[in-house]
Amino acid sequence: MKVFERSDESLIKQALNGKKSAWLSLVKRYEKPVYNFALRMVSNPDDALDLMQEIFVAVFRNLSSFRGDSPFKGWLFKIAHYRCVEFYRRRRPNISLDQTAEPEDEATYVCPESQLFADQQALVLQGAMQKLAFNQRVVVEMKFFQHFTFEQIAQQLGISSNTAKSRLYSALDKLKEHLDVNTEVSYD
């Protein structure tokens with residue numbers, strides 16, 4: 001955290017008092033993680049953008065109900081999770097691996113070969129994640145991409161910590177199977 005960066009709580013208070021720049025600062029702070037979360041959940045950039053907008057609209061409308069019992073990021077991603085669930089209930093997409101999008105890379109540009117390799121790995125991982133059950137995919141996303149603890153995941157999803165762990169380990173086993181199959185190379 002930067003020394004002079006305003007806390008989420010102070011931005012929320014200012015936004016609730018009508019300061020537009022405070023709300024825009026919150027959106028700017030979380031737009032990329034929320035977009036990437038949505039993209040990994042739905043694998044379509046246009047749908048991810050739509051979801052991101054829905055998420056921030058829902059957050060804005062419910063900002064006054066944020067109690068501060070837990071970090072804002074957790075509350076935000078709980079809303080993001082519910083919006084993704086609603087998306088699947090509405091559309092039940094049947095997306096092929098050819099339609100998967102490359103997630104935005106938050107790292108700095110290194111070189112074309114490294115970028116190509118990273119992009120290929122990201123596509124393979126994204127394709128493997130799409131083969132997981134939605135409840136497993138969400139746990140993997142929250143644990144590895146959003147860096148939530150098992151307790152935070154359990155709280156946000158309304159499940160026990162043990163269930164969160166079980167879903168994660170089951171998902172990792174399935175990912176390992178899929179990734180092992182995809183990484184076998186034939187030298188014939």
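Expressed as a whole number of Å, what is the distance separating the alpha-carbon centroids of region 20-54 and region 121-152? Region 121-152 and region 20-54 have Cα centres separated by 17 Å.
Using θ = phi - 60° in the Karplus curve 6.51 cos²θ - 1.76 cosθ + 1.60, the 3J(HN,Hα) couplings for region 31-47 round to 5, 5, x, 5, 4, 5, 4, 5, 5, 5, 7, 10, 6, 9, x, 5, 5 Hz; x is entered for Gly and Pro. In straight-distance terms, cross-link reach from residue 20 covers every one of the lysines whose alpha-carbon lies under 28 Å from its own, apart from those fewer than eight places away in the same chain; here that gives 2, 28, 32, 73, 78.
All of the numbers you see were taken from the coordinates with simple rules; none came from a lab. Worth saying up front: this structure is predicted, and the values here are computed from it rather than measured.
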